[in-house]
Amino acid sequence: MAPAQADPRSGPSSGAGPASTSGTRDRGFQDCPALSELPPGADPARWRCEAMTAVGRLTLGRVDVEVPADRPLAITFAEGTVDGEFRQVFGAMAATPLRVRGTPLSITPRYGGYSDFESNDERRGELDLTFRIAGPGVPPGCSIGSAADPVRLVLLETDPPKVVTPDPLVVTFGVADNRFAVPGTSGCGPLGPVLDRALRLPSPAGANGLDLDARVAMRSYGEV
């Protein structure tokens, strides 16, 4: 198993670039890793870029938000083999702020520095996330989780893949995780304890959930 490489453009501390770009519904292959970013020895004909968008519901402690169809979560990465070994390269993640009901706050999912989208019999993939918090008086850099202590998702398949179009290949499937724990806030200064109480953080495993419907378009690097 070879996890995808972290991309500093879309890391949890980045305030610009793909991780914070709006208009996620229209994102796609433009965020694919460049050929020069693939591992040495990678044959473009044996590598492909996957551009995923996902909608659904997310619960973190008291936070219960919807990822709507007009503002989906978008993730792009490359995968293939080098000398027979499966490898991945992370491209970018894009998300828009999600309003936390009953509060003046919003949260924005951000790439936490680790992903592994190689599916097996036990899970569909793994992904680390943090969640930038915005609102009145909230300092820049305030988030749920951090690079050192992100939310680790282990995604289980809830709906098997269905082919939407064969060329270009587009598939849909469902994933969920209701077993992950959520750490407290980070980088929030004196407001941290207040936000932790208001959002009921940290939140133990079993008290949180993610349920997504995903759509993935795939393109071979041999076609570029």
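Computed quantities for the displayed model
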read-out: Selected residue [in contact with a Cys (Cβ under 9 Å, 6 or more places away or on another chain) and of a type in the set (Lys, Arg)] from 219, 200, 179, 215; value: 219
read-out: The listed residue being open to solvent by less than 10 Å² (accessible area, probe 1.4 Å), at pLDDT 95 or above and closer than 30 Å to residue 194 by Cβ, out of 65, 89; value: 65
read-out: Flag for residue 152 being under 18 Å from residue 196 (Cβ atoms), surrounded by 15 or more Cβ atoms within 10 Å (Cβ to Cβ) and among the basic types (Lys, Arg); value: no
read-out: Verdict on residue 172 being surrounded by fewer than 17 Cβ atoms within 10 Å (Cβ to Cβ), more than 22 Å from residue 63 (Cα to Cα) and touching an Asp or Glu at 6+ places or on another chain (Cβ under 9 Å); value: yes
read-out: Pair list, Cβ under 7 Å, 6 or more apart: segment 186-205 residue free of Cβ contacts under 8 Å to residues at least 24 places away in the same chain, other residue open to solvent by 40 Å² or more (accessible area, probe 1.4 Å) and part of a loop (DSSP other than H, G, I, E, B); value: 204/181
read-out: Test: residue in segment 73-88 that is more than 21 Å from residue 157 (Cβ to Cβ) and aromatic (Phe, Trp, Tyr); value: no
read-out: Residue in segment 176-197 that is within 30 Å of residue 223 (Cα to Cα) and not polar (S, T, N, Q) present; value: no
read-out: Hits in segment 93-134 - residues which are out of contact with any Pro (no Cβ under 8 Å at 6 or more places or on another chain), assigned to a loop (DSSP other than H, G, I, E, B) and either surrounded by 18 or more Cβ atoms within 10 Å (Cβ to Cβ) or among the hydroxyl-bearing types (Ser, Thr, Tyr) (or both); value: 96, 97, 100, 103, 105, 117, 119, 124
read-out: Total residues in segment 158-183, condition touching a residue at least 12 places away in the same chain (Cβ under 8 Å) and not in a strand (DSSP E or B); value: 6
read-out: Residue in segment 140-154 that is basic (Lys, Arg) and either under 23 Å from residue 76 (Cα atoms) or touching a Ser or Thr at 6+ places or on another chain (Cβ under 9 Å) (or both) present; value: yes
read-out: Those residues of segment 189-224 which are more than 22 Å from the chain's Cα centre (by Cα) and part of a loop (DSSP other than H, G, I, E, B), in sequence order; value: 200, 224
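The values are calculated or read from the model by the stated rules, or taken from the named source; none is laboratory data. Nothing here was measured: the structure is a model prediction, and the numbers come from that model. We place every Cβ from the backbone using ideal geometry, glycine too, and count neighbours over all the protein chains shown. For the accessible areas, the whole protein counts, side chains as well, though only heavy atoms, and no ligand, DNA or RNA atoms are used. Shrake-Rupley method; radii C 1.70, N 1.55, O 1.52, S 1.80 Å.
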